[in-house]
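Contents: one structure, followed by commentary.
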Amino acid sequence: MHKSFYASGFLYSLKTHQILLLQSQQKDDIVSLWSTIGGESKEGEEAPEAFRRIIQKLLNVDLKMKNIYPVYDYFHDSLDKINYVFYAEVKSPKVLNSLKNNFSWVAFSETLKLLFSAHTKQDVIVGERVINLKWRQSQDLQIKNEAPV
């Protein structure tokens with residue numbers, strides 16, 4: 001039996017170091033919340049495949065599996081299921097600049113000013129830490145490879 005889960009995350013621009021987030025406004029509320037991009041799994045899907053499908057459906061962007069990275073997962077109480085959080089690297093945000101809807105590219109430093117649900121705020125914070133760690137490790141490897149023997 002397939003246990004349903006939620007897959008969410010954001011796109012990360014290698015060129016501008018920004019993430020793509022969704023701004024949503026409740027009908028009766030003047031305050032809009034920002035969120036990551038996500039959705040429900042389908043029968044037989046693995047979590048990265050679900051994230052890839054959701055991005056394809058919502059943004060018409062065909063991600064390569066090698067560019068999708070796990071951030072972490074946790075039990076999301078209001079969804080009553082596991083949420084697998086990912087980020088996907090894209091070379092440039094210009095492909096997505098023509099998006100209508102409420103998608104916006106945002107620098108991590110700007111996310112401090114945005115309103116998120118508690119879960120989404122945590123997802124963005126942990127996502128930034130994972131990206132920064134990957135960058136530091138690549139810098140360390142580059143320095144190690146350049147060191148004289």
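Listed values, structure above:
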| item | result |
| --- | --- |
| Pairs with Cβ under 7 Å, 6+ apart, first in region 36-53 and polar (S, T, N, Q), second surrounded by fewer than 21 Cβ atoms within 10 Å (Cβ to Cβ) and not in a helix (DSSP H, G or I) | SER41/SER4; SER41/PHE5 |
| Meets criteria (surrounded by fewer than 18 Cβ atoms within 10 Å (Cβ to Cβ), within 12 Å of LEU20 (Cβ to Cβ) and modelled with pLDDT of 95 or more) for ALA107 | yes |
| Criterion violated by SER78 - all others in (1) within 15 Å of the chain's Cα centre (by Cα); (2) modelled with pLDDT under 95; (3) outside any helix (DSSP H, G or I); (4) not aliphatic (A, V, I, L, M) satisfied | (1) |
| Residue match in region 23-32 (condition: within 20 Å of VAL126 (Cα to Cα), under 13 Å from the mean Cα position of the chain (by Cα) and not acidic (Asp, Glu)) | no |
| In region 100-132, the residues that are basic (Lys, Arg) and part of a loop (DSSP other than H, G, I, E, B) | LYS100, LYS113 |
| Qualifying positions in region 121-138 - under 14 Å from TYR84 (Cα atoms) and of a type in the set (S, T, N, Q) | GLN122 |
| Close pairs from region 107-123: first touching a residue at least 24 places away in the same chain (Cβ under 8 Å), partner of a type in the set (A, V, I, L, M, F, W, C) and part of a helix (DSSP H, G or I), Cβ under 8 Å, at least 6 apart | PHE108/VAL124; THR111/VAL124; PHE116/VAL124 |
| In region 32-74, the residues that are surrounded by 15 or more Cβ atoms within 10 Å (Cβ to Cβ), among the aliphatic types (A, V, I, L, M) and either out of contact with any strand residue (DSSP E or B) (no Cβ under 8 Å at 6 or more places or on another chain) or not in a helix (DSSP H, G or I) (or both) | LEU33, ILE37, VAL61, LEU63, ILE68, VAL71 |
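The values are calculated or read from the model by the stated rules, or taken from the named source; none is laboratory data. Here the structure is a predicted model, which means the values were calculated and not measured. Please note: Cβ atoms are built from the backbone with ideal geometry, for glycine as well, and neighbour counts cover all protein chains shown.
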